[in-house]
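Here the structure comes first, spelled out in structure tokens, and everything after it is commentary.
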Amino acid sequence: MALPDWRPPRMSHLAVPPGVPPGPARHHPLGELEITYVSELGAGRLDDLATRVRLWKSWGMCQRHALGFLAVEASIEDGWLFQAAVLYAEIMERAEHALARHWFLERARAEANLEGDACPLCALGLTADGAAPRDAARRVAAGSRLEALQALASNTRVHWSAWVCGSCDGSGSSVRCRVHLAEELRVGLPVDLATHRARVSELAWRVDAYRASFGWSQRGSGTLADEGALIGAVGWCSGWGAILGWLG
């Protein structure tokens with residue numbers, strides 16, 4: 001996958017608007033070795049088809065690793081989340097197919113389609129305790145800054161908060177992440193698949209619009225709603241616990 005030949009003008013996610021107090025200090029979601037590995041995803045490892053397929057089958061990563069992936073890419077690329085947008089645009093396309101309308105056994109099909117493999121990073125044994133090699137010090141330092149992701153999350157909160165799962169945050173909202181939607185289907189709770197299908201389609205469309213905004217022909221077309229949808233896609237795929245706990 002080639003890097004985009006153009007980057008859109010810097011949007012306001014790189015600085016919190018005047019009058020908005022800074023968020024509380026946060027620890028990085030990942031450890032040093034994890035930061036090193038995740039930074040390599042954005043630096044070219046995602047070009048590997050086998051890696052992309054594993055991430056596609058697992059709906060990305062677990063909550064902590066997915067949040068860390070956003071944090072590392074935002075840090076290294078000063079808020080540019082092109083690689084994450086490409087990955088999650090593909091994954092959300094899978095989500096649309098998973099919830100596609102069927103006349104026969106629609107619920108059973110959706111439940112089966114929403115299942116996924118274990119997080120590939122967890123399967124590799126990557127934990128927050130792992131220390132990076134000495135020669136990776138610069139990479140760890142480059143990926144450890146949190147300001148860009150915090151600013152992005154703050155400035156797009158009004159958009160990504162619309163996608164927060166009501167089971168994850170205990171609000172009682174009818175919105176569901178993939179994990180809780182699959183669980184409700186599995187235990188036989190009433191589920192309005194048409195509504196979830198429409199929400200996923202909108203989310204997929206916005207994430208793809210953000211991805212496309214890095215291309216020359218659609219330069220400058222990205223909006224804060226599209227950027228917020230990327231956080232929404234991560235939350236939909238993996239669940240919202242880590243994101244809400246970290247962003248507050």
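The table that follows gives values for the structure above.
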{"quantity": "FRET efficiency, 1/(1 + (r/R0)^6) with R0 35 Å, evaluated for Ala128 and Thr195 via beta carbons", "calculated": "0.40"}
{"quantity": "Under 15 Å from the Ala225 label point (7 Å along Cα→beta-carbon), backbone N, the range 161-176", "calculated": "161-163"}
{"quantity": "Model label zone, Ala142; criterion: amide N under 15 Å from point 7 Å along Cα-to-beta-carbon; scope the range 62-76", "calculated": "72-76"}
{"quantity": "Exposure proxy ranking, count of Cβ atoms within 10 Å, fewest first, for Met92, Met61", "calculated": "Met61, Met92"}
{"quantity": "Cβ-Cβ FRET estimate between Asp48 and Ala112, R0 fixed at 30 Å, reported to 0.05", "calculated": "0.65"}
{"quantity": "For Tyr210, Tyr37, order by how many other beta-carbon atoms lie within 10 Å, fewest first", "calculated": "Tyr37, Tyr210"}
{"quantity": "Kirkwood Rh in Å, taken over the range 97-160 so that all alpha-carbon pairs contribute", "calculated": "16.4 Å"}
{"quantity": "Cα gyration tensor, the range 27-247 - rounded (a/c under 1.5), prolate or oblate", "calculated": "prolate"}
{"quantity": "Spacing of the two label points (7 Å from each Cα toward its C-beta) at Arg186 and His27, in nm", "calculated": "2.9 nm"}
{"quantity": "Cβ-placed point charges (K, R +1; D, E -1), dipole of the chain about Cα centre in debye, nearest 20", "calculated": "160 debye"}
{"quantity": "For the chain: relative contact order, % (alpha-carbon pairs under 8 angstrom, 6 or more apart)", "calculated": "32 percent"}
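Read-outs: derived from the displayed coordinates by stated rules, not from any lab. Since we're looking at a predicted model, the values are computed, not measured. Virtual Cβ from ideal backbone geometry, glycine too; neighbours counted across all protein chains shown.
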